[in-house]
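Quick notes on the structure that follows.
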Amino acid sequence: MLISYNWLCELTGTKLSPQDVGERLTNVGLAVDVVEARGDDFVLDVEVASNRPDCLSHVGVARELAVIERSQVSTPKSQFPKTQGKAAEISAVEIRDPDLCPRYAARVVRGVKIGPSPEWLTKRLEVIGQRPINNVADITNYVLHELGQPLHAFDLAKLAENRIVVRRAAKGESIKTLDGTDRKLDEQMLVIADAKRAVAVAGVMGGEDSEISNATSDVLIESAYFNPASVRRTARVLGLHTEASHRFERGADPEGVLRAQERCVALICEIAGGVATADALDVYPNRSSPGAVSLRRERVEAITGLAEDLAGPGPH
């Protein structure tokens, strides 16, 4: 995974050199294989273990660096402009297979103007190897790399009845994905559909028939949590590995769904214009409960040799 040094600096305020950042991260288990200069930035090629999906983003790596330096992460803030209407007045979401999709949130932004992204955004994506597409698509990719939550933007006018149906693929169903390839689906694969047909392969790639174009004016922003095993199987069978599938198959954060969506929608309103709905259609049938872990400071010090003050103040 490629990480921008300048982006890390913005998030943590670190004064370490790029090489020192790479060395410190490697020492705590995030192996940095290469530190390479790119323009006025440096890129760190970070190897993230499969059991650390929380580090598959700039904020995730920034948290590790902040612990090393005993500093704080400046969490990206979302400033919302004026909103109008409820999402339920415009669209609808139905999850037919909650075992494969425990949570799905949709929010609509109307009146956007599709065009090139501003220079700061294209530069930030290009330095980590991402090709700019258009302002809305670029924002979804930016938030993915910022927060680690994959997102997808649909052209609302191309969704039959403005509906989202999350279901298993029908027997013999197929879809042309955004890479222009016709893909045959099987009945174990999860798709995002509208009232008539599949419009995306859930957690892997969107469909060509519902993609954003220069004529798009209203967009529906998807943010969801998909079953990791399901995404892993689908990506393998289709031979389609993407930035989204890489994160979903390792386990995204179901509680980060709305936070990433709000960040994305706020940036769309700022950069592409438009007015967002005041809320999201958040379908979450089997809400998960956060776990609690007891931690004894003296036990941590006895096992690790770390000084007690590294555990921080207060109960843990």
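Below are the figures for this structure:
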quantity: Solvent-accessible surface (1.4 angstrom probe) belonging to residue 209, in square angstrom, nearest 10; calculated: 100 Å²
quantity: Point-to-point label distance, residue 282-residue 301, nm (Cα→Cβ direction, 7 Å offset); calculated: 4.0 nm
quantity: For residue 85, distant residues with modelled amide H under 5 Å away; calculated: 278
quantity: Spin-label model distance (nm) - residue 33 vs residue 49, 7 Å beyond Cα toward Cβ; calculated: 1.8 nm
quantity: Magnitude of the charge dipole, the stretch 87-244, Cβ model with Lys/Arg +1 and Asp/Glu -1, debye to 20; calculated: 260 debye
quantity: Efficiency of FRET from Cβ geometry, residue 174 and residue 237, R₀ 22 Å, rounded to 0.05; calculated: 0.95
quantity: Phi-based couplings in Hz for the stretch 170-186 (Karplus 6.51, -1.76, 1.60; Gly and Pro marked x); calculated: 7, 4, x, 6, 9, 8, 8, 7, 4, 7, x, 9, 7, 10, 7, 9, 10
quantity: Normalised convex hull volume, the stretch 225-311, alpha-carbon set, Å³ per residue; calculated: 215 Å³
quantity: Tail fraction, Cα-Cα pairs, the stretch 180-224, threshold 13 Å, whole percent; calculated: 60 percent
quantity: At q = 0.19 Å⁻¹, base-10 log of I(q)/I(0) for the stretch 161-299 (Debye sum, equal scatterers on each alpha carbon); calculated: -1.27
quantity: Stretch gain in nm, segment residue 68-residue 292, where the contour uses 0.36 nm per residue and the Cα spacing is subtracted; calculated: 78.3 nm
quantity: For the stretch 80-85, Karplus couplings with θ = phi - 60° (6.51, -1.76, 1.60), whole Hz, Gly/Pro x; calculated: 8, x, 4, 10, 8, x
quantity: Built amide H within the under 5 Å cut-off of residue 103, gap 5+; calculated: 225
quantity: In the stretch 182-244, the trypsin sites (Lys or Arg not before Pro) that fall in loop regions by DSSP, at most 14 other Cβ within 10 Å; calculated: 196
quantity: Sparsely packed GluC sites (Glu not before Pro) within the stretch 119-195, loop by DSSP, other Cβ within 10 Å at most 15; calculated: 187
quantity: Column: log10 I(q)/I(0), Debye, Cα scatterers of the stretch 144-242, q = 0.10, 0.12, 0.17 Å⁻¹; calculated: -0.24, -0.36, -0.73
quantity: Relative contact order %, the stretch 165-283, counting alpha carbon pairs below 8 Å whose residues are six or more apart; calculated: 18 percent
quantity: Of the trypsin sites (Lys or Arg not before Pro) in the stretch 15-56, those whose Cβ has at most 15 other Cβ within 10 Å and which sit in DSSP loop; calculated: 15
quantity: Within a Gaussian network of the chain (alpha carbon springs, distance under 10 Å), most fluctuating of 221, 303, 212; calculated: 303
quantity: Largest to smallest accessible area among 80, 154 [probe 1.4 Å]; calculated: 80, 154
quantity: The stretch 44-98 versus the stretch 187-213: alpha-carbon centroid distance in Å; calculated: 23 Å
quantity: The chain: relative contact order as a whole-number percent, Cα under 8 Å and 6+ apart; calculated: 22 percent
quantity: Expected 222 nm ellipticity per residue - DSSP helices of 4 or more, -39500 (n - 2.57), all of the chain, to 500; calculated: -8500 deg cm²/dmol
quantity: Apportionment of accessible area to carbon and sulfur, the stretch 41-114, percent (1.4 Å); calculated: 46 percent
quantity: Phi to ³J(HN,Hα) by Karplus 6.51 cos²θ - 1.76 cosθ + 1.60 over the stretch 40-51, Hz, x for Gly, Pro; calculated: 8, 10, 10, 10, 9, 8, 9, 8, 9, 5, 5, 8
quantity: Relative pair counts by distance (%), Cα atoms of the stretch 1-147, 5 Å bins; calculated: 2, 8, 15, 17, 17, 13, 11, 9, 5, 2, 0
quantity: Where the Cα pairs of the chain fall when distances are cut into 10 Å bins, in %; calculated: 6, 25, 32, 23, 11, 3, 0
quantity: Gain upon complete extension [residue 186, residue 26; 0.36 nm per residue less C-alpha separation]; calculated: 53.5 nm
quantity: Accessible area in square angstrom per residue, the chain, 1.4 angstrom probe; calculated: 48 Å²
quantity: Extended-chain gain in nm, criterion 0.36 nm per residue less alpha-carbon gap, residue 86 and residue 197; calculated: 37.4 nm
quantity: Accessible-area order (highest first, 1.4 angstrom probe) of the listed residues 7, 120; calculated: 120, 7
quantity: When the stretch 125-176 is reduced to its Cα atoms, the Kirkwood hydrodynamic radius in Å; calculated: 13.6 Å
quantity: Dipole-positive endmost among 17, 2, 237 within the chain (Cβ charges, Cα centre); calculated: 237
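The values are calculated or read from the model by the stated rules, or taken from the named source; none is laboratory data. Keep in mind the model is a prediction, meaning the values are calculated, not measured. As a convention, Cβ positions derive from the backbone with ideal geometry for all residues, glycine included, and neighbour counts pool all protein chains shown. SASA here: full protein model, heavy atoms, side chains in, ligands and nucleic acids out. Shrake-Rupley method; radii C 1.70, N 1.55, O 1.52, S 1.80 Å.
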